[in-house]
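Any read-out appearing in this document is the output of simple, stated calculations on the displayed coordinates, not a laboratory observation. Treat the numbers as computed from the prediction; the structure is a model and nothing was measured. Neighbour counts are summed over all protein chains in view; Cβ atoms, including those assigned to glycine, are modelled from backbone coordinates with ideal geometry.
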Amino acid sequence: MHRVLSWLLAALIAVATPAFAADLDPLVRALGTGTYADTEKALAKLAETGDTAAVPVIEALQTGDLHVRKADGAVVVARKAGNGVALTDPLTGAALGEADRSAVEKIKINNSLRRSISAALGALTLMSPNPQTRRQAADAVFKSRDVNALEALDTALAKETDEGVRRAMFQARAAVVLNSSAPDADKIAAVETLKARGDRDALALLNAAANSGGAEVKAVAERAIASVEQRLALWGAAQNLWYGLSLGSVLLLAAIGLAVTFGVMGVINMAHGEMVMIGAYATFLVQEVFRTFAPGLFDLSILVALPVAFLASGAVGVAIERSVIRWLYGRPLETLLATWGLSLALQQAVRSIFGPTNREVGAPSWMSGAFELGGLTITYGRLWIVVFAFLVFAALLVALRKTAFGLNIRAVTQNRSMASAMGIRTARVDALTFGLGSGIAGLAGVALSQIDNVSPNLGQGYIIDSFMVVVFGGVGNLWGTLVGALALGSVNKFLEPYAGAVLGKILVLIFIILFIQRRPRGLFALKGRAVEA
Amino acid sequence: MLTRFLLMGLDKKAGVLLAVLAVLAVAVPVMALAAPPDSPWHLSTHTVALLGKYLCFALLAVALDLVWGYVGILSLGHAAFFALGGYAMGMYLMRQIGPRGVYGHPVLPDFMVFLNWQELPWYWHGFDQFWFAALMVVAVPGVLAFAFGWFAFRSRVTGVYLSIITQALTFALMLAFFRNDMGFGGNNGLTDFKTILGFDIQAPETRVGLFVATVVALAAGYTLASCVVASKLGKVLVAVRDAESRVRFLGYETERYKLFAWTLSACMAGVAGALYVPQVGIINPSEFSAASSIEAVIWVAVGGRGTLAGAVLGAVLVNFGKSYFTAALPELWLFALGGLFVLVTLFLPKGLLGLAAQVKGRWPSGRAMAAKPAGQKGI
Amino acid sequence: MSAEDTLLYLDGVSVSFDGFRALNSLSLIIEPGEMRAIIGPNGAGKTTMMDVITGKTRPDTGTILFEGGTDLTALREAGIANLGIGRKFQRPTVFEMHTVWDNLELALKAPRRPLKTLTYSATRDDRARIEEILDITGLSPKRDRQAGSLSHGEKQWLEIGMLLAQDPKLLLVDEPVAGMTDAETEQTARLLKDIAGKHSVIVVEHDMAFVRELGVKVTVLHEGSVLAEGSLDAVSANQQVVDVYLGR
Ligand SMILES: Nc1ncnc2c1ncn2[C@@H]1O[C@H](COP(=O)(O)OP(=O)(O)OP(=O)(O)O)[C@@H](O)[C@H]1O
Ligand SMILES: [Mg+2]
């Protein structure tokens, strides 16, 4: 609502501008007459109008594009074009044709003028009716810490009504004050303001203040620094936690399918990564279809890709189970080798069909961008993946616990012959279970296509990690997989700042190797004879 | 004592294999050096190096078969030991370059100069001596395997779990060796070797010398492995493979037996790697990849696990096939390799030698204690 | 009686699996040279008791002493076996890929460390002992057969033979005559009686005729603890035993 209003306002102003332009014209013309001092006077008058239409003129003056046309003394913007220069009206931006370079003369500026310009610009934009512009202006002042802007800031502050912009202006003012020779009392107030802001920029300013100000300011600044640093560390930890959660959810997605095939069925599927890859390529294909036939609906492509990827990977999974794996039940090491062979063949197949290079998978608009949460930056893409991972996990849990199919799966995996004696078609259940695990891998592929390169090697990067997650969490225990994924994700991200990404990963691997030796059956181990059998 | 040990170990298959190796050790030098270049009998340096490479792989396969075929430990990380041996040799060869590098630094290898290193890292010292490097070729993989096995076997990690952590081990090493600040040349590894023991590494005579050394190493490794598996210790190993906990109840500390075989196997793999590097002229972190380890497993599976001769046969055949395919039909190689994995596990659980024996109708023969195809467990 | 004079001393041994108590404060004493028969319904904890003695399962609480002083709960399987405790499993487990002869050679009393086995070669005595055991177990004609190809009964005999080859001080024999003919059962009983005296034996068996044939003290296990102890006739007369086990 608010937004809409401000847009409307901006539009109104745009329509109203020409009426002002007439009044501004003589002031603009005055810029081009005479000495630096004259220009400075004209500039001051221009700024006094408080009319934002003057902003482009002053900006042109700042960049050195403002010229006087020798023929009629009109002030124009001249930019290089071809051999000559292209002229435009500084106020309206209307094209005034081309001219020879010698036909115009640049309005020169000196240092004093330069300062006035930025003060004028700051004042004008700070007064802009558009709150966004005002805010940007305040932020610009915060960065430049230009003492000349102080007056303009105070004027603007007196009129400002928008809470957010007001805060930004206050902070800008504090930054300027600290940079000025203001009395200590003012500086201390400024330190407090910056402390409340509490980000890295504020920290830099506070550090500067602590090194330059009087003893009292110094003490206050140092306290403020400590408090800001603590706050930053806290947010840093929170950010790491979020990254960890985000990586953990990716690991979870990649590992859930494995938790079904390896954890529940005991089939060690080295081609699991390729199931993920197939899911990613399915996403690519679906998006291609959307791009060609319904570009307007592109935002929906991911949603369509989900079932497609599930079915594609699931079907490949069922085919693999029926043709290879079913002959190898009870021979885990052979299964490992055969499925590794399949993974090689699948990679090569995809390479032959789609080429060895990365394919472009786009993000729908609702998955791009980011938002701030306190000191955290959270991208929508990552957020959706976290949500999605938990949804898939919950859905699988329900499917295994609450549905007849889930009951059949558990019956068959626990006692095959008994289950078959009770009339369960074990072969069918095997195939469907494997299909389910593979299908979930396909879903993971849809999610990973958003954050990783879609190439034939996509799956290879995840296979070892997924196995680590499942083994670490405890085979045959979905909750273990969840905990394992999140724990490994966070540990990885917390190690990264200290050890670097690669070394962090190595440390995690070593940790898992040692962990498995301590607890060969994982975090949440099953016990009893069933395990030994 | 030793002769009895040897006699016990060498059966008919071993005799055939050693005879073939002896013929190679004589014929290849003659064909490469004495036959005139235009004669059909002439072997190019390239071919000699290729044959040498196959035999290095054969030694790796023998090492792998010792633990997989006889102890039931499916290692998906043997390439790590192979590569470590290779790196040890590579470091020696780097130091041999001396001031002949591109940057002409008297001590530092080129990549260190390039990375602005000021002095040699401590672990590069000693590698200018051949004897030291040769010791490290065996010791580094051996110590790593011992430490890893000590933890793993003592905590009774077995089966696929063990396989997966061996893979994690080699994966971690690969990541580590990719890092520039590890001091092993990062991504590019070690290469541009000039001389070995003072001989020009490109010279045909040196190539032939390296080939003969490989033949000798393979023969020695094979003999050692056959003697081990023929001894009572070998019988214990097979018993561990088939029913480990039963063996414990007989009073054998199975962990020690596994550790013995595992460490011995890693040392052999290290030697294979060390001979491989001067013949191919490079060692880089991709040797640590999971794929190289698993490929070695398939050589053994193709030849027939639990038969040392099968491991040799499989390594040579598959690598010959690989050379052929990657030259003639590169697109198809991965399909062929993938298909091989599937076909062998489904239809040839005992490998080619098993098939041959079955055809002859006298399986199992002699000392060929192929594993039960099904993963049955004792007790 | 003090623990010092006993060969095997179990006191208050409990084991539970996921809350299920397989052994419940079990106490049992075996004297040197004694043979003891253990009977009890399925799931009474007989096999679990052997698991606990041989180190396969760790007890939650309780004391297990061997020869009066050695704490078995602190040792692993191989260490316990090397003290002189041999075991025959309920489900016969032999090394299927090895020949009958090799199975016996592996079991034969000899140094167990890797370097010793690497250089081991059978002495004349060793061979004679293996021949002798082959004779006792009737496996002489099949000495070069792979153990995997033996019948169930033959595997039982081979396991008994392996036990003999180990020459342990204490033999734990779990259901030795399951799958044997009546004649073989009798032969087994005779064999065990021969062994007892020099060695101590614990036999678990459901076959009452066989237990009667042994004619030794019987312990009845039920729900993980001792229900009754005494001669077979005495325990057969015990009403509780009849109720939980013998009674129909
Ligand atoms: N590792 C284990 N995990 C779970 N339960 C176990 C385990 N070992 C034994 N049990 C349980 O303990 C109980 C006792 O088992 P045990 O094998 O000792 O009985 P048993 O007396 O030998 O029976 P049987 O006469 O049938 O051989 C059984 O209910 C069994 O299910
Ligand atoms: Mg029992």
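Is there a simple number for the mean count of other chain Cβ atoms within 10 Å of the Cβ of residues in A:496-504, and what is it?
Averaged over the peptide's residues, the number is 2.
Structure shown: which of B:K232/C:K56; A:K80/A:K106; A:K41/A:K143; B:K322/B:K360; C:K109/C:K198 lie over 19 Å apart, alpha-carbon to alpha-carbon?
Among B:K232/C:K56; A:K80/A:K106; A:K41/A:K143; B:K322/B:K360; C:K109/C:K198, the Cα-Cα distance tops 19 Å for B:K232/C:K56; A:K41/A:K143; B:K322/B:K360.
Using the Karplus curve 6.51 cos²θ - 1.76 cosθ + 1.60 with θ = phi - 60°, what ³J(HN,Hα) values do you get for each residue of region A:504-518, in whole Hz, with x for Gly and Pro?
Taking θ as phi minus 60°, the curve returns x, 5, 4, 4, 4, 4, 4, 4, 5, 4, 5, 5, 4, 5, 5 Hz for region A:504-518.
State, in angstrom, two size descriptors of chain B derived from its alpha carbons: Rg to one decimal place and Dmax to the nearest whole number.
Both quantities, over Cα of chain B: 21.0, 67 Å.
Rounded to the nearest 10 degrees, what's the angle between the helix B:308-328 long axis and the longest principal axis of chain B, both from Cα atoms, 0 to 90?
The helix B:308-328 is inclined about 50 degrees to chain B.
At 37 °C and a viscosity of 0.692 mPa s, what translational diffusion coefficient does Stokes-Einstein give for region A:74-233, taking Rh as the Kirkwood radius over Cα pairs? Give it in µm²/s as a whole number.
184 µm²/s
As I understand it, the dipole of the protein assembly as shown uses +1 on the Cβ of Lys and Arg and -1 on the Cβ of Asp and Glu, about the Cα centre. Which of A:S417, B:Y103, A:V470 lies farthest toward its positive end?
Value computed over the given set: A:S417.
For the pair A:L373/A:S180, report the inter-label distance in nm, with labels modelled 7 Å from Cα in the Cβ direction.
Those two pseudo-labels are separated by 4.0 nm.
Quote the charge dipole size of chain B about the Cα centre in Debye, to the nearest 20; the model charges only the Cβ of Lys and Arg (+1) and of Asp and Glu (-1).
Value, rounded to 20: 1660 debye.
Among rounded, prolate and oblate, which fits region B:160-262 when a ≥ b ≥ c are the square roots of the eigenvalues of its C-alpha gyration tensor, a/c under 1.5 means rounded, and a/b larger than b/c means prolate?
Oblate is the answer for region B:160-262, as a/c is 1.5 or above yet b/c matches or exceeds a/b.
In whole Å, what is the distance between the alpha-carbon centres of region B:169-186 and region A:471-503?
Between the Cα centre of region B:169-186 and that of region A:471-503, the gap is 21 Å.
Please work out the Cα convex hull volume for chain A and give it in Å³ per residue.
Value for chain A: 218 Å³ per residue.
If amide hydrogens are placed 1.01 Å from N in the peptide plane, which non-local residues have theirs closer than 5 Å to the one on B:I73?
B:W68
Taking the Cα centre of chain A as the origin, how large is its charge dipole in debye, to the nearest 20, when only Lys and Arg (+1) and Asp and Glu (-1) carry charge on their Cβ atoms?
The calculated dipole for chain A is roughly 2140 debye.
Past 27 Å, Cα to Cα, is the threshold; run B:K13/B:K258; A:K218/A:K493; A:K45/A:K70; C:K46/C:K155; C:K88/C:K142 against it and keep the listed order.
A:K218/A:K493
Which order do peptides A:225-233, B:38-46 fall in by mean Cβ count within 10 Å, highest first?
In descending order of packing, they fall as A:225-233, B:38-46.
Which value results for Rg/Rh of region A:236-528 when Rg is the Cα radius of gyration and Rh the Kirkwood radius based on the inverse mean 1/r?
0.97
Please give the direction-averaged projected area of the C-alpha convex hull for chain C, in square nanometres with one decimal.
Average projection, Cα convex hull of chain C: 14.3 nm².
Roughly speaking, what is the centre-to-centre gap between region A:349-392 and region A:85-108 when only Cα atoms are used, to the nearest Å?
Using only Cα atoms, the two centres lie 47 Å from each other.
Of A:Q62, A:I278, B:S226, whose Cα points farthest to the positive end of the dipole of the protein assembly as shown (charges on the beta-carbon: +1 Lys, Arg; -1 Asp, Glu; origin at the Cα centre)?
Result: B:S226.
Sorting check: for B:349-360, B:316-327, B:115-126, C:41-52, which peptide has the highest mean count of neighbouring beta carbons within 10 Å, and how do the rest follow?
Most protected by this proxy first, the peptides run C:41-52, B:349-360, B:316-327, B:115-126.
Nearest 0.05, what FRET efficiency do B:D11 and C:S149 give at R0 = 25 Å with Cβ-Cβ as r?
Computed FRET efficiency for B:D11 and C:S149: 0.70.
Kindly rank A:427-433, A:78-84 from highest to lowest mean number of other beta carbons found within 10 Å of each residue.
A:427-433, A:78-84
In debye, nearest 20: dipole of the protein assembly as shown around its Cα centre with unit charges on the Cβ of K, R (+) and D, E (-)?
Here the protein assembly as shown has a charge dipole of around 1420 debye.
Provide the per-residue ³J(HN,Hα) series for region C:191-204, in order, calculated from phi with Karplus coefficients 6.51, -1.76, 1.60 and θ = phi - 60°, each as a whole number of Hz, with x at glycine and proline positions.
Once rounded to whole Hz, the list reads 4, 5, 5, 4, 5, 4, x, 6, 10, 9, 9, 10, 10, 9.
In whole percent, what relative contact order does chain A give with Cα contacts below 8 Å and a gap of six or more residues?
Contact order relative to length: 15 percent.
How high is the relative contact order of region C:1-145? Use alpha-carbon pairs under 8 Å, at least six apart in sequence, and give a whole percent.
Computed value for region C:1-145: 20 percent relative contact order.
Please go through region B:74-115 and write out the chymotrypsin sites (Phe, Trp or Tyr not before Pro) that DSSP classes as loop and that have at most 10 other C-beta atoms within 10 Å.
none
What number, in percent, do you get for the relative contact order of chain B if the mean sequence gap of Cα pairs under 8 Å and at least 6 apart is divided by its residue count?
Normalised by residue count, the contact order of chain B is 31 percent.
As I understand it, the dipole of region B:2-348 uses +1 on the Cβ of Lys and Arg and -1 on the Cβ of Asp and Glu, about the Cα centre. Which of B:S75, B:Y252, B:L51 lies farthest toward its positive end?
B:Y252
Given the alpha-carbon gyration tensor of the protein assembly as shown, what are the semi-axes of its equivalent ellipsoid in whole angstrom, ordered largest first, with each equal to the square root of 5 times an eigenvalue?
Here the semi-axes work out to 75, 40, 28 Å.
So if R0 is 51 Å, what FRET efficiency would A:F511 and A:D162 give, r being the distance between their Cβ atoms, rounded to the nearest 0.05?
It comes out at approximately 0.50.
Using only the alpha carbons of region B:14-77, determine the length spanned along each of the three principal axes and report them from longest to shortest in whole angstroms.
The principal-axis extents, from largest down, are 49, 26, 13 Å.
What's the average, rounded to a whole number, of partner chain beta-carbon atoms within 10 Å of each residue's beta-carbon in A:488-495?
If you average over the peptide's residues, the count of other-chain Cβ atoms is 0.
Shielding of B:168-174 by partners, i.e. mean partner chain Cβ atoms within 10 Å per residue?
Partner-chain Cβ atoms within 10 Å, mean over residues of B:168-174: 5.
Report, in whole Å, the centroid distance computed from the Cα atoms of region B:293-320 and region C:1-73.
48 Å
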